[in-house]
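Student: Sharing a structure with you now.
The values are calculated or read from the model by the stated rules, or taken from the named source; none is laboratory data. Being a predicted model, the structure only gives us computed values, none of them experimental. Backbone-built Cβ (ideal geometry, glycine too); neighbour counts: all protein chains shown.
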Amino acid sequence: LKSATANAARAKASLAKANEQLGYSELRAEFDGVVTATSAEMGQTVSAGQPVLKLARIEQRDVVVDVPEAQFSNVRLDDSFRVALQLDGRMQAIGVVREIAPQADPNTRTYRLKIGIDQAPDIFRLGAVVTATPLVGERKQAIALPLSAIRHEGGASQVWVVDRSTAQVGPRVVELDGGASNARSVRILSGLQEGEEVVVAGVDELVDGQKVKLGQEQRP
């Protein structure tokens with residue numbers, strides 16, 4: 001009887017192991033979607049963790065846009081874009097920037113954005129060509145400046161504004177858009193007016209009222 005009981009226990013353990021292995025032969029996605037690519041053939045032996053399918057979500061779609069480096073400082077997370085089909089511009093949807101590449105493509109010098117569209121219309125099919133236009137009216141207008149123009153004093157961000165009539169500089173506290181800064185530039189949300197002249201180099205060497213040579217200034 002003891003021998004039969006032990007054999008039954010071993011058989012149950014073997015059955016449980018077999019059922020576990022059988023479960024590995026069935027792949028279940030965590031969400032409903034559409035298969036966009038396959039990386040394995042029927043009957044092929046695959047190893048643990050090896051990709052076999054690419055699945056795209058149905059309820060949310062991303063528009064992928066490559067932005068030139070010169071325009072990158074004007075884009076930040078959560079910016080809104082109007083997305084229109086190139087084949088029919090009347091077919092539109094509103095998307096929001098959800099991801100910004102941390103560095104430029106070394107060949108094209110562009111930054112890749114992913115603009116998420118929730119509940120995209122059915123006509124926005126996977127792989128469709130679209131045009132994305134920023135809705136600048138929905139956020140504060142900003143002025144882009146080189147990062148070298150910013151100095152920090154007493155916990156505040158400042159720039160040196162040039163008075164062209166006297167060629168003297170004076171400090172001006174500005175509000176920075178932290179979500180749109182990069183290694184080269186920063187956006188100014190408030191504190192500057194378009195057309196004002198600022199110093200963009202050597203800002204830590206200046207003092208209030210100091211005269212500067214004009215001709216190398218940059219106008220925001």
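Student: For region 80-98, give me the residue count where each residue is charged (D, E, K, R) and touching an Asp or Glu at 6+ places or on another chain (Cβ under 8 Å).
Tutor: 1
Student: Of the residues GLY43, GLY33, GLY89, GLY95, only one is surrounded by fewer than 10 Cβ atoms within 10 Å (Cβ to Cβ), at pLDDT below 90 and not basic (Lys, Arg); which?
Tutor: None of the other options fit; the residue is GLY43.
Student: Enumerate the strands (runs of 3 or more DSSP E) found wholly within region 81-160, keeping only those where 1 or more residues are under 30 Å from ASP208 (Cα atoms) and more than 16 Å from the chain's Cα centre (by Cα).
Tutor: Result: 143-146, 151-153.
Student: Is at least one residue of region 49-63 exposed (fewer than 12 other Cβ atoms within 10 Å of the Cβ) and β-branched (Val, Ile, Thr)?
Tutor: No, every residue in region 49-63 fails to be exposed (fewer than 12 other Cβ atoms within 10 Å of the Cβ) and β-branched (Val, Ile, Thr).
Student: Could you check region 59-74 and list, in sequence order, the residues that are under 29 Å from ASP32 (Cβ atoms) and over 11 Å from the mean Cα position of the chain (by Cα)?
Tutor: GLU59, GLN60, ARG61, ASP62, VAL63 - these are the residues of region 59-74 that are under 29 Å from ASP32 (Cβ atoms) and over 11 Å from the mean Cα position of the chain (by Cα).
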